[in-house]
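In what follows, a structure is listed as structure tokens, so that the remarks can point back to it.
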Amino acid sequence: MVVDYSMTFTQMTAAGKYIWSDIYINSKQFPLTGTGKVAFEPKLFHFDRNISYENAIKEMDKDGFRPAKIEELLAYGTILLPERDLKHPIIALGSVIKVNGLPCAAYIQLCGFSSRGILLRQIKDDLHANNLCLGVRK
């Protein structure tokens, strides 16, 4: 899988066909810092239980992965079939911003029956058992 940093943030979101987007999902809140095309190895983590975000990151680390950044989530989303999003939101814990003083991470999911969305989720509480976290091999 590849992140193409020659693309703008807007182009990355358009490539994933995200119809719905949180107002904070933009290049000002999530500046892209890479250059060129950067390959990465993704892995979805499903913990099958409620887990704190800190412990989710520790679990990824034990397997040799780090939390995905938003650009990796966007690249990953371009290859997903919408049916995959339908079952579980996929969260990128590697790009956290504060909204109204609360930490939030980007996630993708199916919104409605056929529209894809990239949204923000507060990460002050535990990660729900039905959520997936995108990890990237270190």
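The values are calculated or read from the model by the stated rules, or taken from the named source; none is laboratory data. Predicted, not measured: the structure shown is a model, and the values here were computed from it. Ideal geometry is used to build each Cβ from the backbone, glycine not excepted, and the neighbour counts take in all protein chains shown.
Of the residues making up the range 1-18, those that are surrounded by 13 or more Cβ atoms within 10 Å (Cβ to Cβ) and not hydroxyl-bearing (Ser, Thr, Tyr) are 1, 3, 4, 7, 9, 12, 14, 15, 16.
For the subset of the range 17-49 comprising residues that are of a type outside the set (A, V, I, L, M) and at pLDDT below 90, which member is farthest from residue 106 (Cα to Cα)? Let's see the steps before the verdict.
From the range 17-49, those of a type outside the set (A, V, I, L, M) are 17-18, 20-22, 24, 26-31, 33-37, 40-43, 45-49; that's our starting set.
Remaining after also requiring at pLDDT below 90: 17-18, 20-21, 33, 48.
Numbers: 17: 16, 18: 13, 20: 13, 21: 10, 33: 17, 48: 20 Å.
Across the range 17-49, the extreme among qualifying residues is 48.
Of the residues making up the range 121-138, those that are hydrophobic (A, V, I, L, M, F, W, C) and over 10 Å from residue 91 (Cβ atoms) are 129, 136.
If I ask for residues that are free of Cβ contacts under 8 Å to residues at least 40 places away in the same chain and either under 20 Å from residue 119 (Cβ atoms) or in contact with a strand residue (DSSP E or B) (Cβ under 8 Å, 6 or more places away or on another chain) (or both), which ones from the range 22-35 would you list? Can you show your working first?
At the first step, the residues of the range 22-35 found to be free of Cβ contacts under 8 Å to residues at least 40 places away in the same chain are 23, 26-28, 31-35.
Within the range 22-35, 23, 26, 27, 28, 31, 32, 34 qualify.
Checked against (1) polar (S, T, N, Q); (2) within 15 Å of residue 106 (Cα to Cα); (3) in contact (Cβ under 8 Å) with a residue 60 or more places away in the chain, residue 52 passes all but condition (2).
Restricting to the range 108-120, what's the tally of residues that are of a type in the set (A, V, I, L, M, F, W, C), over 15 Å from residue 92 (Cα atoms) and touching a Lys or Arg at 6+ places or on another chain (Cβ under 8 Å)?
Residues flagged as of a type in the set (A, V, I, L, M, F, W, C), over 15 Å from residue 92 (Cα atoms) and touching a Lys or Arg at 6+ places or on another chain (Cβ under 8 Å) within the range 108-120 amount to 1.
Scanning the range 52-72 for residues that are under 16 Å from residue 92 (Cβ atoms) and modelled with pLDDT under 95 yields 53, 54. Looking for something under 23 Å from residue 4 (Cα atoms), in contact with a helix residue (DSSP H, G or I) (Cβ under 9 Å, 6 or more places away or on another chain) and not basic (Lys, Arg) - is there at least one such residue anywhere in the range 113-131? Checked the range 113-131: at least one residue is under 23 Å from residue 4 (Cα atoms), in contact with a helix residue (DSSP H, G or I) (Cβ under 9 Å, 6 or more places away or on another chain) and not basic (Lys, Arg).
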